[in-house]
Amino acid sequence: MRSAQLRILADLLLPGDAQGLPPGSLVPDVMLVLSESISPIKGLAGSHPDFNDESKRAKLLSHLEQIHPQEFRDLVMAVIKPYYESGPVLEAMGWRSAPPQPQGHKVAPMDEALAAELARIAGRKRMWR
């Protein structure tokens with residue numbers, strides 16, 4: 001399967017949306033998984049003449065899903081993980097894509113009443129040997 005066909009397949013499997021989720025072809029890890037995949041779906045789709053016709057691609061993919069359900073499911077599961085772990089997708093969903101360290105996560109300020117209770121508990125002597 002050529003790289004242009006891989007991008008088309010990635011966009012069919014993970015089309016993105018108008019709210020900011022990128023299509024699968026714009027996520028490098030998805031493209032890496034697809035390029036290294038030995039899925040028969042990839043081969044069957046790429047060699048089928050309908051894959052070159054934009055109006056027939058989605059129908060072809062649905063047909064392949066019906067006749068090869070396990071193989072199709074395996075391919076989708078292989079690309080979903082890197083897609084939803086990618087920075088642009090996390091940010092589009094409102095998550096922070098940067099690692100939590102060294103800045104850490106923001107913690108809400110402590111309640112005064114809770115601070116007094118915790119100070120009382122911290123002042124106790126050891127309760128174990």
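Checking each residue in the range 48-85 for being hydroxyl-bearing (Ser, Thr, Tyr), free of Cβ contacts under 8 Å to residues at least 24 places away in the same chain and either part of a helix (DSSP H, G or I) or closer than 21 Å to Val27 by Cβ (or both) picks out Ser62, Tyr84. Per the conditions (1) within 21 Å of the chain's Cα centre (by Cα); (2) not in a helix (DSSP H, G or I), the sole criterion not satisfied by Gln101 is (1). Exactly one residue out of Ser25, Ser35 is part of a helix (DSSP H, G or I), out of contact with any strand residue (DSSP E or B) (no Cβ under 8 Å at 6 or more places or on another chain), surrounded by 10 or more Cβ atoms within 10 Å (Cβ to Cβ) and without any contact (Cβ under 8 Å) to a residue 24 or more places away in the chain, and it is Ser25.
Each reported figure results from applying straightforward, stated rules to the coordinates on display, with no laboratory input. This one's a predicted model, so the numbers in the text were calculated from it and none came from an experiment. Glycine also receives a Cβ, built like all others from the backbone with ideal geometry; neighbour counts cover every protein chain displayed.
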